[in-house]
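Step one of this worksheet: look at the structure below.
Throughout, read-outs are computed from the coordinates displayed, never taken from laboratory work. Please read all numbers here as calculations on a predicted model, not as lab measurements. A quick note on method: Cβ atoms are made from the backbone with ideal geometry, for glycine too, and the neighbour counts reach across all protein chains shown.
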Amino acid sequence: MTDDIAFLKQAISIPSVSGKETELASFLVSEMQSFCDEAFVDDSGSAIGVWGHGPLKITFLGHIDTVPGDIPVRIENDVLWGRGSVDAKGPFCTAVAASSYLDPQLKEKLSLRLIGATEEEAPSSKGARYAVQTYPKPDLVIIGEPSNWDALTLGYKGRLVSKWQLAKANFHSAGDDTTAAEDLVSIWQTLKAQADTFNSEIRGIFDALQISLQSISSSSDGLEQRAEATIGYRLPPSLSPDELIEKIEALRLQAKAEFVGKEIAYRSDKDTALTRAFRLSIRQHEGKPRFKVKTGTSDMNVVAPVWNVPMLAYGPGDSSLDHTPEERLELGEYKKAIAVLTTALELLAKA
């Protein structure tokens, strides 16, 4: 396999905006073929590598697509700049590199499946949804997302997007009726108050119901006024998308609502074979392990309800740089993460 840093830089240099991952998937497969027992592009366009045939089945599920935005790929002062360096080609390349260092004798004990999934940054989550429908249920799952080399992400909030439409007959502005836009603003205020009530006794943002007005617009053709709004929610583990929809519908608001983008929140246990192996590995590499939960979503939200096995997210990088023009990865952290992941996998295989 190519040198770890050259491999990462090449992967970052290949554009892979959601839906356009073909070239990168082919490159990753060509690299994995050098050490995996099997490597191929599956029907979802994801890059797949299979290493070993032992009884312990571990899946590393990362994503290889990115959001738009061209950041010139370059290395400056041991830092690699480029779109996807953090979110999330860096974490998946970490897994590929770590797998190449595994002791071949462990193939009798471990079956490792690497999945470089497509369209995580799109509403479809195409690669992850195909994986849970197609591949055998693993014993343990590692999601490739940035957490820093010495931290483990145990959970992600859920999500719900509501799209609102309201129409009413036009009237003279000298009248005292409210406009469609004003009525929709009132609906937003009602929904915001509902969320505030839910949060009145909640401590900590991960367990809170977050609501945001993502867009609002109005128009008129002279006969009818129309107003539209998109309102997004970030859900805690205590509230499912369907439960929230029931609460919203109970308000009987006078507008048409469509609910999309449903994702259930997930938080893993702190004490599992997976977390124990990673904590020990981080300590062996002179780190102090930390736990995190994230207010966003990831492919963990897609696979956790189906596979329902211990899982966590791991990968190098500062997630605050996700989707920004400042996206970059310290190469020293990348090397540390490779070492930690290699050791963690070996500890699990030998347990």
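Placing a pseudo-label 7 Å from each Cα along the Cα-to-Cβ vector at Ile202 and Ser13 gives an inter-label distance of 4.6 nm. Here the relative contact order of the range 158-263, from alpha carbon pairs under 8 Å that lie six or more residues apart, stands at 48 percent. Tell me the angle of helix 180-198 to the major Cα principal axis of the chain, expressed in degrees between 0 and 90 and rounded to the nearest ten. It is inclined by approximately 50 degrees.
The per residue volume of the convex hull around the alpha-carbon atoms of the range 158-263 is 98 Å³.
Taking the chain as the reference, fit the longest principal axis to its C-alpha atoms, fit the long axis of helix 331-350 to the helix C-alpha atoms, and give the angle between the two in degrees, 0 to 90, nearest 10. It is inclined by approximately 70 degrees. Helix-only arithmetic for the chain: the sum of -39500 (n - 2.57) across DSSP H runs with n ≥ 4, divided by the residue total, places the mean residue ellipticity at 222 nm at -10000 deg cm²/dmol. Rounded to 0.05, the FRET efficiency of the Tyr101 and Lys262 pair, given R0 = 56 Å and the Cβ-Cβ distance, is 0.90. Peptides 332-341, 75-84, 101-110 ranked from most to least packed by the mean count of surrounding Cβ atoms within 10 Å: 332-341, 75-84, 101-110. Between the range 4-35 and the range 277-303, the C-alpha centres lie 24 angstrom from each other. Ordering Thr342, Gln10, Pro68 by Cα displacement along the dipole of the chain toward the positive end leaves Thr342 in first place; charges were set at the Cβ atoms of Lys, Arg (+1) and Asp, Glu (-1). What the phi angles of the range 99-106 give under the Karplus curve with 6.51, -1.76 and 1.60, with θ = phi - 60°, is a coupling list of 4, 5, 9, 5, 5, x, 5, 7 Hz, glycine and proline written as x. The share of Cα pairs per 10 Å bin across the range 1-158, counted from zero up to the longest distance, runs 11, 42, 36, 10, 0 percent.
Couplings 3J(HN,Hα) for the range 72-83, derived from phi with the Karplus relation 6.51 cos²θ - 1.76 cosθ + 1.60 (θ = phi - 60°), are x, 7, 7, 10, 10, 6, 6, 10, 9, 9, x, 5 Hz, where x marks Gly and Pro. If the segment from Arg276 to Lys168 were pulled out straight at 0.36 nm per residue, it would be longer than the present Cα-Cα gap by 32.9 nm.
Quickly work out the Glu286-to-Thr324 label distance, labels modelled 7 Å from Cα along the C-beta direction, and quote it in nm with one decimal. Label-label distance for Thr324 and Glu286, simple model: 2.8 nm. Computed over neighbours whose Cβ is under 12 Å from that of Arg279, the net charge equals +3, Lys and Arg +1, Asp and Glu -1.
Placing unit charges on the Cβ atoms only, positive for Lys and Arg and negative for Asp and Glu, gives the range 158-263 a dipole magnitude near 260 debye about its Cα centre.
Given +1 at the Cβ of Lys and Arg, -1 at the Cβ of Asp and Glu and no other charges, the dipole of the chain around its Cα centre is 960 debye to the nearest 20. Rounded to the nearest Hz, the phi-derived 3J(HN,Hα) couplings of the range 117-128 under the Karplus curve 6.51 cos²θ - 1.76 cosθ + 1.60 (θ = phi - 60°) are 7, 9, 6, 5, 7, 9, x, 6, 6, 4, x, 5, where x marks glycine and proline. When the chain is described by a simple charge dipole with +1 on each Lys and Arg Cβ and -1 on each Asp and Glu Cβ, the residue from Val79, Ile231, Val306 located farthest towards its positive end is Val306. I want to make sure I understand the PRE zone here: with the label point 7 angstrom from the Cα of Ile245 toward its beta carbon, which residues in the range 284-316 have backbone N atoms less than 18 Å away? Once the point is set 7 Å along Cα→Cβ of Ile245, 302, 305-306 turn out to lie under 18 Å by backbone N, inside the range 284-316.
Taking the charge dipole of the chain about its Cα centre, with +1 at Lys and Arg Cβ atoms and -1 at Asp and Glu Cβ atoms, the residue from Ala122, Gln254, Ser268 reaching farthest to the positive side is Ser268.
Take each peptide in 270-282, 211-223, count the other Cβ atoms within 10 Å of every residue, and average; sorted highest first, the result is 270-282, 211-223.
In summary, the convex hull built on the alpha carbon positions of the chain has an orientation-averaged projected area of 20.2 nm².
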